Amino acid sequence: MTDPLPPLRDVIKTHDLQAKKSFGQNFLLDLNLTGKIARVAGDLTNSVIYEVGPGPGGLTRGLLENRAKRVVAVEMDHRCLPALEEVSAAYGGVLTIHKADALDINEQKILEIQNGEDARIASNLPYNVGTALFVKWLTIGEWLPWYKSLTLMFQQEVAERIVAVPGSKAYGRLSVLAQWRGRVRIAMRVPAAAFTPPPKVSSAIIHFEPTAPIDDRVALADLELIVARAFGQRRKMLRASLKGLDVNALQLLENAGIEPTLRAENISVAGFVELARHYGLMRA
Ligand code: SAM
């Protein structure tokens, strides 16, 4: 099917969709580009896609053109809804739209995933809530989660933090959490000029696929606490940065087999997992 709708520039004019900063709105108007992003998400013919912030519908149309089985979109800006209804009508109702704040949504409830369908998340995220949503999707209690993949636009600097390896400046809490939960890569770089209006920084698409836990004896809360403490004072040695914990920091490091003079940025994901496991054991 070739996209039957008017160019996005015309949609924006017709519906008077001036981008608003408060909603983190930077629109993609090139359907070749949004089609490319949709293809990063994979074979969508059996997938229900959850899209946050469809705006005027650029990525949505890319996903539909890429033969997504269904798309369920959540948009906070009511001005976009009439334009999105037109997209839904043109594609025979495969797209459903909810006006809501994605931070408050119970995704599984609105997606109504049917037997035989898989679910994926694809979104050009609003920058102001992008990291919070990503963390929400990585900290789902039951792992493996309900989705098969995440294909998400971030500011390049955030994307680099997500994929960063130990020993690099960008390595931190987001890297450990993402790499603990799955396989992640930067799939595409997107220059600022691709957006209307162009943001100050360039962007990148990350693709994430959840994997089974490295060690399922580790509690998420314990890992989050250890990582937050360790990177909260990233210049300090672990024996100092973990001192405020309710267990003896030196004993914890010894139990986990980690040198107390190392700093957070030198500890691998597996090292943090080991620390969190021993922390749990010491408190049991
Ligand atoms: N997907 C469109 C595109 O690629 O051109 C728009 C992307 S724009 C960066 C982010 C979109 O998310 C905007 O349409 C904005 O109104 C919407 N948005 C911002 N905060 C939101 C929230 N908390 N929940 C749902 N949508 C939100």
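The values are calculated or read from the model by the stated rules, or taken from the named source; none is laboratory data. Just so it is clear, the model here is predicted, and its values are computed rather than measured. With ideal geometry, Cβ positions are generated from the backbone for all residues, glycine too; neighbour counts draw on all protein chains shown. Just the protein is used for accessible areas: all its heavy atoms, side chains included, with ligands, DNA and RNA removed. Shrake-Rupley method; radii C 1.70, N 1.55, O 1.52, S 1.80 Å.
At a glance:
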{"quantity": "Residue count for the stretch 17-66, restricted to those that are free of Cβ contacts under 8 Å to residues at least 24 places away in the same chain and assigned to a loop (DSSP other than H, G, I, E, B)", "calculated": "2"}
{"quantity": "Of all residues in the stretch 239-259 being of a type in the set (A, V, I, L, M, F, W, C) and either more than 15 Å from Met282 (Cβ to Cβ) or touching a Gly at 6+ places or on another chain (Cβ under 8 Å) (or both), the one that is surrounded by the fewest Cβ atoms within 10 Å (Cβ to Cβ)", "calculated": "Ala240"}
{"quantity": "Lone unmet requirement of (1) surrounded by fewer than 22 Cβ atoms within 10 Å (Cβ to Cβ); (2) more than 16 Å from the ligand (Cβ to nearest atom) for Trp180", "calculated": "(1)"}
{"quantity": "Test result for Ala68, touching a Lys or Arg at 6+ places or on another chain (Cβ under 9 Å) and open to solvent by less than 20 Å² (accessible area, probe 1.4 Å)", "calculated": "yes"}
{"quantity": "Subset of the stretch 78-96 (residues that are open to solvent by less than 10 Å² (accessible area, probe 1.4 Å) and in contact with a Ser or Thr (Cβ under 9 Å, 6 or more places away or on another chain))", "calculated": "Ala83, Leu84, Val87, Leu95"}
{"quantity": "Selection from the stretch 117-148 of residues that are crowded, with 16+ Cβ neighbours inside 10 Å, within 12 Å of the ligand (Cβ to nearest atom) and not in a loop (DSSP other than H, G, I, E, B)", "calculated": "Ala122, Ser123, Asn124, Gly130, Leu133"}
{"quantity": "Hits in the stretch 260-273 (condition: closer than 15 Å to Glu224 by Cβ and open to solvent by 50 Å² or more (accessible area, probe 1.4 Å))", "calculated": "none"}
